[in-house]
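To start, the structure itself, in structure tokens.
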Amino acid sequence: MAFINLQNLTYKYPLTKTPALQNINLQIDKGEFISVIGANGAGKSTLCYALAGFVPHFFKGEISGEIEVDGIASSKSTLDEWVVNVGLAFQNPFNQISGAKYTVFEEIAFGLENIGVPREQMKSRVEEAMKLTGISNLADRSPYSLSGGQQQRVALTSILVMQPKLLVLDEPTSQMDPIGTREVFEVIHNLTQSGMTVVMVEHKVEWIAHFANRVIALKDGSIFMEGKPSDVLTSDLLIENGFGVSRYTSVAREAKKQGLWKKEKLPVTLFEAAEGFKE
Amino acid sequence: MKIEINSLHFTYPTGLEAIKGISLTINSGEQVAIVGQNGAGKTTLVRHFNGLLKPTSGSVTIGDWDTTKYSVAKLASRIGYVFQNPDEQLFSRDVLTEIEFGPKNLGYSKEKIDELVKQALVWTELTDKTETNPYDLSPTWRKMVALASIIAMDTPIVIFDEPTTGQDFVNVSRIANVIAELKKQGKTVITITHDIDFCAENFERVIALSNGKVLLDGKAHEVLGQEEILAQTYVDPPQLTRLGKVLNLKETVINQEEFLNVIVRSER
Ligand SMILES: Nc1ncnc2c1ncn2[C@@H]1O[C@H](COP(=O)(O)OP(=O)(O)OP(=O)(O)O)[C@@H](O)[C@H]1O
Ligand SMILES: Nc1ncnc2c1ncn2[C@@H]1O[C@H](COP(=O)(O)OP(=O)(O)OP(=O)(O)O)[C@@H](O)[C@H]1O
Ligand SMILES: [Mg+2]
Ligand SMILES: [Mg+2]
């Protein structure tokens, strides 16, 4: 059985008329790196909340269908039990800092402290996680005196350090510099190689194409398209429905109209674009 | 209105020196993008323009005003600044009140306020959300509200701190449109961004900061082609510039039009 199983999931926030998620059916295997794309308001964050147990345990409203992770139904679990296995990095990293701690190190250790991880083990896990996200040099700084991207790295690190089985990331690189973004994708990719399952909302198509196994395109709360990045991210249907694509794809699409791109398939990465234009 | 930055140094109360000697002139009506690594000092630099931060040494002048001699409220008539985190900026109960606040505060006439607010709403396509509480909107729309409330102030200089983060394709084009409209009106637009493709498509001049200093400053073409130097501040050239390099194109291309032109010429 799939590690994550969403069956006919429909969800409506309180006091709203249209469901934010409509009849979602989705199976995800252990170790997959799934990327979720879609326009503003498509339901990407709501899907994250559903996976992370915040829907329906924190946001009330009407829900039907099933959310299962590792064979356990979210409806039969409490939020406290759920978050042991599932970590969520919120879309707005500025709200994720706990406010309880004086240093970045303590901030990142906070979650481990709460679940009673012994001191020595805690220290090495925090240091390891900070190395992954490139913030070792910020350990002694106050979590409030950081730049936007540094805060986002701290927020991400405090989730990574918990080593959840399922990692849900809602636009985790939105404040990050370009090369840092690519490095974060690499780190996440490596984590999935060692068995972590990742669902990541992103707009940065070039890196999705490089690193994700599968893309889920959401539109108005439903799954509009899903499949391999190289198929989904070059599809005309996707482009015609207002999804963003990489510059490689759009330039080749235009070139194709002028007879300058000779391949059938459009490129989504630098490598594919270079191969095609060399012909 | 000209911005002049002279040997600017800034040290936070924590002792961290974030700006380590920057001198720059930004002329009236320029469209400037500021890029660079997380923590390079981009936000710290622009917070000096509207007086939120005062130089530790050196000076910043906006037109003929030295920012140390004018209050933030006063400087707000010359400079509009859209925060990186909209939640630091928004405080009203509904979108309309939020957007009206700035122009009202500047003492414009009722007619002018109505006109400016209407234009800001149209540009950001918030017209159907005027009665909503900003905090009931998603972070992406809150960012649009923050943007609208600043452009409604009709200042000669506008600063956007990471305007496109989290925005979808349609909203990014909307923001590009706003920048183009402001340019038509002769305004200076300064935008901090990590979206290098967006930067290449919408700005004439690019300043790359690294570790509190200016690493590169020049025409978008000159700056965005310098792969090795940009890498020092964790910036990649635009996608099509990288493609052009791999294909050994003779000139640096930074957008689709240029790329296709060069390809067409080389086909002949
Ligand atoms: N707390 C809430 N209460 C009521 N409606 C909500 C709430 N949060 C989101 N919605 C609505 O649910 C729908 C999906 O929103 P969601 O935030 O999941 O979209 P998104 O794809 O993450 O968008 P964005 O790209 O702007 O982050 C939207 O119509 C939104 O207005
Ligand atoms: N309030 C503060 N107190 C002390 N140090 C700060 C404060 N805000 C930022 N810093 C530090 O100053 C330096 C410059 O930060 P700044 O916010 O200007 O960076 P930035 O270029 O805008 O980065 P980003 O792309 O991540 O937003 C960083 O090292 C940061 O940690
Ligand atoms: Mg969202
Ligand atoms: Mg910043």
The stretch B:225-243 residues that are facing another protein chain (nearest Cβ under 9 Å), paired with ones that are open to solvent by 20 Å² or more (accessible area, probe 1.4 Å) and in a loop (DSSP other than H, G, I, E, B) (beta carbon under 6 Å, 6 or more apart): B:Thr233/B:Gln37; B:Tyr234/B:Gln37
Of all residues in the stretch B:26-42 being surrounded by 24 or more Cβ atoms within 10 Å (Cβ to Cβ) and assigned to a strand (DSSP E or B), the one that is farthest from ligand 4 (Cβ to nearest atom): B:Ala33
Residue that is farthest from the chain's Cα centre (by Cα), among those in the stretch B:36-50 that are under 25 Å from B:Leu75 (Cα atoms) and within 12 Å of chain A (Cβ to nearest Cβ): B:Ala40
Selected residue [farther than 20 Å from B:Leu230 by Cβ, in contact with a strand residue (DSSP E or B) (Cβ under 8 Å, 6 or more places away or on another chain) and either touching a residue at least 40 places away in the same chain (Cβ under 8 Å) or small (Gly, Ala, Ser) (or both)] from B:Gly29, B:Gly41: B:Gly29
Residue that is modelled with the highest pLDDT, among those in the stretch B:133-145 that are in a helix (DSSP H, G or I) and under 13 Å from B:Arg93 (Cα atoms): B:Val145
Pick from the stretch A:106-121, criterion open to solvent by 10 Å² or more (accessible area, probe 1.4 Å) and of a type outside the set (D, E, K, R), ranking: nearest to the other protein chains (Cβ to nearest Cβ): A:Phe110
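Every residue, every condition in (1) assigned to a helix (DSSP H, G or I); (2) closer than 25 Å to B:Gln89 by Cβ; (3) among the polar types (S, T, N, Q), yes or no:
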site: B:Met1; (1), (2), (3): no, yes, no
site: B:Ile5; (1), (2), (3): no, yes, no
site: B:His9; (1), (2), (3): no, no, no
site: B:Lys20; (1), (2), (3): no, no, no
site: B:Thr44; (1), (2), (3): yes, yes, yes
site: B:Leu52; (1), (2), (3): no, yes, no
site: B:Pro55; (1), (2), (3): no, yes, no
site: B:Val60; (1), (2), (3): no, yes, no
Residue satisfying condition, being within 16 Å of ligand 2 (Cβ to nearest atom) and either open to solvent by less than 70 Å² (accessible area, probe 1.4 Å) or within 14 Å of another protein chain (Cβ to nearest Cβ) (or both), within set A:Ile135, A:Ile67, A:Ile24, A:Ile37: A:Ile135
Extreme residue, farthest from the other protein chains (Cβ to nearest Cβ), among residues of the stretch B:150-166 that are on the phi < 0 side of the Ramachandran plot and open to solvent by 10 Å² or more (accessible area, probe 1.4 Å): B:Pro156
The stretch B:12-35, residues that are of a type outside the set (D, E, K, R) and farther than 25 Å from B:Pro238 by Cβ: B:Tyr12, B:Pro13, B:Thr14, B:Gly15, B:Leu16, B:Ala18, B:Ile19, B:Gly21, B:Ser23, B:Thr25, B:Ser28
Residue within the stretch B:149-166 that is within 16 Å of ligand 3 (Cβ to nearest atom), outside the structural domain of B:Gly36 (by TED's automatic domain parsing) and free of Cβ contacts under 8 Å to residues at least 40 places away in the same chain present: no
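The values are calculated or read from the model by the stated rules, or taken from the named source; none is laboratory data. Fair warning: this is a prediction, and the values are worked out from it, not measured in the lab. No Cβ is skipped: glycine too gets one built from the backbone with ideal geometry, and neighbour counts run over all protein chains shown. Note: accessible area is taken over every heavy atom of the protein model, side chains too, but ligands, DNA and RNA are not part of it. Shrake-Rupley method; radii C 1.70, N 1.55, O 1.52, S 1.80 Å.
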